[in-house]
Amino acid sequence: MVKTEAAASEASPPPSTTGSTGIWRFVGYQLTMQAVFDSAIWIIYLQSRGYSLGQIGLCESCFHLAPILAELPSGSFADIIGRRWSLAAGSALVILSMGLLWLAPALPVVMLALFLNGASYSFRSGADQAYLFEVVEGRGGDHTHFAGLFGKILGAGYLAGAAATWAGAALSELSYAWPFGLTMLAGLIGVVLAASLPERTRERRKISLRETVQAHIDETRKALRAEPTVLAMLLLSALFWMASTLTHLYMQTRFSSHGISNGGVGIIASVTLILSAGGAAVAGRLAGRGRFAWQFALIALVAGAGLIGTASLNLALAIGCYLLAQVAYGVVEPLISSWFNRRIPSSQRATILSAESWLFSVMMIGAFPAGGLLAEYAGWGVLYILCGGFTVLLGAGSLLLTYRKRA
């Protein structure tokens with residue numbers, strides 16, 4: 001059964017070796033992995049190599065196929081073997097995927113590159129939050145402390161990502177080798193930092209690793225069946241981030257179609273991350289105030305309205321509304337993470353958090369190419385209006401979900 005925060009803390013003692021050193025190394029790791037220099041131009045780059053939006057959508061589907069296959073096993077890997085080794089593996093896969101994406105000699109290679117990049121996120125998602133939550137527990141903190149600290153780290157990561165996004169986009173006008181090469185270098189630094197994170201030794205069952213992982217996943221399924229509210233919120237959260245990610249990824253082409261240069265798109269993406277950083281930084285102040293369901297509903301309303309406004313033919317208004325939505329996303333991410341972490345036992349934390357990413361990837365396999373086709377045939381405005389309206393409905397859904405049970 002999924003336990004409360006207090007029960008989870010009793011069930012699994014917090015790491016005794018993750019003090020200030022662990023915090024700062026973890027912060028360094030997170031900042032490094034946010035330095036994705038190709039984030040604003042990779043679709044434009046593939047288009048310059050002759051790939052169509054339909055082909056790029058197929059490749060993005062491969063990105064989300066990886067978590068479907070690897071998300072739960074990688075979460076179990078993090079819970080059983082160690083969170084730091086899961087984070088290190090994710091960084092190593094960044095290096096390999098970026099090298100293949102830069103080469104991009106044929107569609108199958110691009111598909112493989114995006115698949116490996118998706119796998120890199122699988123090994124990092126869940127493991128990062130689980131590691132940080134246990135560090136906070138080990139220092140006597142609760143979910144409000146976690147939300148505040150996680151929000152600050154997210155904010156700092158967004159700022160690092162903003163700088164990397166702008167730099168990569170600007171350098172791409174000299175050569176596309178710059179953004180891809182720098183992202184590979186960031187991946188290498190990430191491997192070193194992750195491997196050096198202090199973490200308590202985890203007890204291994206006296207059976208094979210495959211049997212251990214399978215048993216762990218089975219326990220996780222039982223835990224989720226016992227807590228339908230957590231399971232339903234995993235689904236709702238995955239849908240929420242699907243709409244967000246769909247509109248964010250196509251932002252490159254959306255604004256590029258207005259004649260904005262690579263550097264201009266990079267500036268918009270950088271400002272987006274800066275505003276998200278501001279939103280994440282204030283999330284900790286909201287964590288203990290009011291019910292999460294109402295907080296989520298209000299933020300979803302703001303985000304949805306922003307996406308609908310992005311459909312405007314007025315470029316300045318469209319950009320302003322898009323940036324408004326990103327502030328809302330920055331605020332809500334630490335709140336969602338805190339809600340889940342305080343309801344999940346330590347022994348299954350990374351695996352259950354990975355379930356959200358797994359659901360998200362299942363949806364994105366069809367949503368990304370469908371979004372591209374919809375934009376090609378009906379226009380970008382229709383895509384953003386639909387995603388914005390859907391986001392507002394998800395906010396209302398959170399209220400219905402917790403009508404009988406406080407959240």
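Is one or more of the residues making up the range 362-374 closer than 30 Å to Ser86 by Cα, assigned to a helix (DSSP H, G or I), of a type outside the set (A, V, I, L, M, F, W, C) and modelled with pLDDT under 85? Yes, the range 362-374 has at least one match. Here Val94, Val109 are screened, and the one residue that is assigned to a helix (DSSP H, G or I), at pLDDT 95 or above, surrounded by fewer than 23 Cβ atoms within 10 Å (Cβ to Cβ) and among the β-branched types (Val, Ile, Thr) is Val109. Please verify whether the range 349-361 includes one or more residues that are surrounded by fewer than 21 Cβ atoms within 10 Å (Cβ to Cβ), in contact (Cβ under 8 Å) with a residue 40 or more places away in the chain and out of contact with any strand residue (DSSP E or B) (no Cβ under 9 Å at 6 or more places or on another chain). No, the range 349-361 contains no residue that is surrounded by fewer than 21 Cβ atoms within 10 Å (Cβ to Cβ), in contact (Cβ under 8 Å) with a residue 40 or more places away in the chain and out of contact with any strand residue (DSSP E or B) (no Cβ under 9 Å at 6 or more places or on another chain).
Yes/no per residue for (1) of a type in the set (A, V, I, L, M, F, W, C); (2) more than 20 Å from the chain's Cα centre (by Cα); (3) crowded, with 23+ Cβ neighbours inside 10 Å:
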{"site": "Phe296", "(1), (2), (3)": "yes, no, yes"}
{"site": "Gly304", "(1), (2), (3)": "no, no, yes"}
{"site": "Ala316", "(1), (2), (3)": "yes, yes, no"}
{"site": "Gln326", "(1), (2), (3)": "no, no, yes"}
{"site": "Ser347", "(1), (2), (3)": "no, yes, no"}
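Of the listed requirements (1) at pLDDT 85 or above; (2) surrounded by 17 or more Cβ atoms within 10 Å (Cβ to Cβ); (3) β-branched (Val, Ile, Thr), Val230 misses just one: (1).
Residues considered: Ser39, Ser61. Of these, the only one that is touching a helix residue (DSSP H, G or I) at 6+ places or on another chain (Cβ under 6 Å), surrounded by 18 or more Cβ atoms within 10 Å (Cβ to Cβ), in a loop (DSSP other than H, G, I, E, B) and modelled with pLDDT under 95 is Ser39.
Applying a threshold of 9 Å to beta carbon distances and a minimum spacing of six or more residues, or different chains, the list of pairs starting in the range 133-145 at a residue that is closer than 14 Å to Phe340 by Cα and ending at one that is among the aromatic types (Phe, Trp, Tyr) and at pLDDT 80 or above reads Phe133/Phe146; Phe133/Phe150; His143/Phe133; His143/Trp339. Please indicate, with yes or no, whether at least one residue in the range 189-196 is over 29 Å from Gly22 (Cα atoms), surrounded by fewer than 20 Cβ atoms within 10 Å (Cβ to Cβ) and modelled with pLDDT of 90 or more. No, there is no match, as no residue in the range 189-196 is over 29 Å from Gly22 (Cα atoms), surrounded by fewer than 20 Cβ atoms within 10 Å (Cβ to Cβ) and modelled with pLDDT of 90 or more.
Yes/no matrix, rows are residues, columns are (1) out of contact with any helix residue (DSSP H, G or I) (no Cβ under 6 Å at 6 or more places or on another chain); (2) of a type in the set (Ser, Thr, Tyr); (3) modelled with pLDDT under 90; (4) buried (at least 23 other Cβ atoms within 10 Å of the Cβ):
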site	(1), (2), (3), (4)
Ala6	yes, no, yes, no
Ala11	yes, no, yes, no
Ser20	yes, yes, yes, no
Leu72	no, no, yes, yes
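Among the residues examined, Ala378 does not qualify as at pLDDT 85 or above and either within 17 Å of Met242 (Cα to Cα) or surrounded by 21 or more Cβ atoms within 10 Å (Cβ to Cβ) (or both). Taking first residues from the range 31-51 that are over 15 Å from Leu100 (Cα atoms) and partners that are among the hydroxyl-bearing types (Ser, Thr, Tyr) and assigned to a helix (DSSP H, G or I), the Cβ contacts under 6 Å between residues at least 6 apart in sequence or on separate chains come to Val36/Thr183; Phe37/Thr183; Ser39/Thr165; Ala40/Thr165; Ile41/Ser172.
The values are calculated or read from the model by the stated rules, or taken from the named source; none is laboratory data. Just so you know, these numbers come straight off a predicted model, no measurement behind them. Cβ: placed from backbone, ideal geometry, glycine included. Neighbour counts: every protein chain shown.
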